[in-house]
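**Student:** What follows is a single structure, and I will ask about it in a moment.
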Amino acid sequence: MQKRKGNIIMVIIGSDHGGYVTKEFLKKYFDKNKIPFADVGCDGSAVDYPDIAEAVCQKVLKSPENCGIIVCGTGIGVSIAANKIDGIRAALCSDYYSAKLTRLHNDSNVLCIGGRTIGEEVALELAKVWLETDFSGDARHIARVKKITELEVKAKGENA
Ligand code: RB5
């Protein structure tokens with residue numbers, strides 16, 4: 001079972017049609033390894049990636065023990081959409097180092113993957129290291145993540 005700081009993680013997973021095959025591949029690993037997950041779709045038919053990003057992120061925000069994995073063709077569309085939602089820190093990763101560091105430094109709560117840009121086995125390695133890595137909790141990283149949250153507040157003030 002994947003744990004962060006002793007808490008059981010619920011993985012909220014979703015994809016559009018471009019990420020469907022990768023999503024199903026990751027789910028097989030979660031099933032086999034008894035990792036709790038909830039699939040918000042799609043079922044393989046064409047959907048709009050912002051809708052899937054929203055569905056995953058809304059569930060992620062319901063509990064600090066939730067985290068999200070979203071797959072689209074490139075991972076770019078879902079990462080852009082997810083990062084519009086307050087409280088979401090979505091990281092588009094295609095290499096192991098970034099997937100690890102975005103947990104250690106950014107405390108990312110959503111991992112975005114490109115189903116058409118990387119192989120399924122690479123996607124699985126990214127998901128595994130991302131799920132297994134805790135936020136470092138270092139003061140400098142806490143301060144930087146806090147500044148990200150402050151940008152959400154600033155943006156609201158400027159657009160009011
Ligand atoms: C869907 O064709 C494709 O645009 C989508 O999966 C994604 O790559 C968008 O960023």
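**Student:** Do any residues in region 139-159 that are of a type outside the set (A, V, I, L, M) have Cβ atoms under 8 Å from those of residues that are in a helix (DSSP H, G or I), where the two are at least six apart or on different chains, and which pairs are they?
**Tutor:** Pairs found: His141/Leu104.
**Student:** Exactly one of these conditions fails for Lys84: (1) assigned to a helix (DSSP H, G or I); (2) surrounded by 12 or more Cβ atoms within 10 Å (Cβ to Cβ); (3) of a type in the set (D, E, K, R); (4) free of Cβ contacts under 8 Å to residues at least 24 places away in the same chain. Give me its number.
**Tutor:** Of everything listed in (1) assigned to a helix (DSSP H, G or I); (2) surrounded by 12 or more Cβ atoms within 10 Å (Cβ to Cβ); (3) of a type in the set (D, E, K, R); (4) free of Cβ contacts under 8 Å to residues at least 24 places away in the same chain, Lys84 misses just condition (1).
**Student:** Also, quick follow-up: Within region 14-30, identify whether any single residue is exposed (fewer than 15 other Cβ atoms within 10 Å of the Cβ) and part of a loop (DSSP other than H, G, I, E, B), and answer yes or no.
**Tutor:** Scanning region 14-30 turns up no residue that is exposed (fewer than 15 other Cβ atoms within 10 Å of the Cβ) and part of a loop (DSSP other than H, G, I, E, B).
**Student:** Considering each of Ile76, Ile70 in turn, give the residue that is under 17 Å from Glu24 (Cα atoms) and of a type outside the set (Ser, Thr, Tyr).
**Tutor:** Ile70
**Student:** Of a type in the set (A, V, I, L, M) and touching a residue at least 24 places away in the same chain (Cβ under 8 Å): is that true of Val71 in this structure?
**Tutor:** Against the criterion (of a type in the set (A, V, I, L, M) and touching a residue at least 24 places away in the same chain (Cβ under 8 Å)), Val71 qualifies.
**Student:** Surrounded by 16 or more Cβ atoms within 10 Å (Cβ to Cβ) and either within 14 Å of the ligand (Cβ to nearest atom) or more than 30 Å from Lys156 (Cβ to Cβ) (or both): which single residue out of Asp39, Asp43 fits that description?
**Tutor:** One residue alone meets the criteria, Asp39.
**Student:** In this structure, is Val56 assigned to a helix (DSSP H, G or I), modelled with pLDDT of 95 or more, within 15 Å of the ligand (Cβ to nearest atom) and surrounded by fewer than 18 Cβ atoms within 10 Å (Cβ to Cβ)?
**Tutor:** No; evaluated as a whole, the condition is false for this residue.
**Student:** Among the listed residues Ala91, Ala139, Ala143, identify the single one that is surrounded by 15 or more Cβ atoms within 10 Å (Cβ to Cβ) and either away from the ligand (no atom under 16 Å from the Cβ) or modelled with pLDDT of 95 or more (or both).
**Tutor:** Ala91
The values are calculated or read from the model by the stated rules, or taken from the named source; none is laboratory data. These numbers were taken from a predicted model, which means no experiment stands behind them. No Cβ is skipped: glycine too gets one built from the backbone with ideal geometry, and neighbour counts run over all protein chains shown.
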